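Engineer: Take this structure, written in structure tokens, and hold onto it; I'll ask about it next.
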Amino acid sequence: MAEVKYFGLTPTGKRATTAANMNAKRWFAWVCLALMLVTEFFLWRSNQERDAAVAEARDARQKLHETETALEALQNSSAGGQALVAANLRKQNDALAAKVSALQKNLERIQNESQQNAQHLNTARDALAMQREHLQQLQAEQQQAAMAANANACINNLHQLAQAKLQWALDKAKSTADVPTAQDLTPYCKDGVFPVCPDGGTYTINAIGEAPTCSIPGHVLPTQ
């Protein structure tokens, strides 16, 4: 007996579509998580480099300050044999000033990279949170699709029982008030097997003049 479809898609088609969407969302979520972890690593490394650069720049400024102080003290002292020492201090001062300038530029670069990595990390976190919401939505849709698929399968079973009842009544010359048993209808069912509700509902065969019913709400033959 051919399967009757009361919904737009067959149960198999709904499950396949929902499963494909779920798999795609899961893969995208894993990609977002991987990007977030990579970004966190780069952010941590940038912070380490920044801290090291800050410490190095602080030391260089301290040395530069000490050199400038010594140079000022030397300039205020007697000229005598201080010229050579003053020249050396000026060279040290120029070198330290250049080092401080380079360290400051490097520190600014590291800070910019750290800010960019922080922005990337926030973006990855937002994307991951969005994907989690989408996954929750797809899971809810999957549950609804499963419920609809089971309802569709049960309605097909009820339709099969209704047809089996009519055939049994014709073969046995029964009236609309007669009530067949499951054993009576089994030979008229598909593959000689009495159908079972996929959600565990109980079928009530009823009289020939009444439609069979299921104990699960919503598992009802459509009125004709």
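Just so you know, all these numbers are worked out from the coordinates, no wet-lab data involved. In this text the structure is predicted, and so the values were computed from the model without any measurement.
Engineer: Which aspartates and glutamates have a Cα lying under 19 Å from the Cα of K63, excluding residues fewer than 8 positions away in the same chain?
Structural biologist: List returned: D51, E72, D94.
Engineer: In addition: For the range 90-224, compute Rh as the Kirkwood radius over C-alpha pairs and then the Stokes-Einstein diffusion coefficient at 10 °C and 1.306 mPa s; write the answer in µm²/s, rounded to an integer.
Structural biologist: Values: Rh = 20.8 Å.
Taking Rh from Cα pairs, D becomes 76 µm²/s.
Engineer: Any chance you could count the Lys pairs in the range 74-224 whose alpha carbons are under 26 Å apart, treating pairs 8 or more apart or on different chains as valid? Kindly include the intermediate steps, with their values, before the conclusion.
Structural biologist: Values: K91/K99; K91/K105; K165/K174; K165/K190; K172/K190; K174/K190.
Taking the range 74-224 as the scope, the lysine pair count is 6.
Engineer: Let's test this: bin the Cα-Cα distances of the range 144-224 at 5 Å from zero up to the farthest pair and state each bin's percent.
Structural biologist: Cα pair-distance distribution for the range 144-224, in percent: 3, 17, 28, 24, 17, 8, 3, 1, 0.
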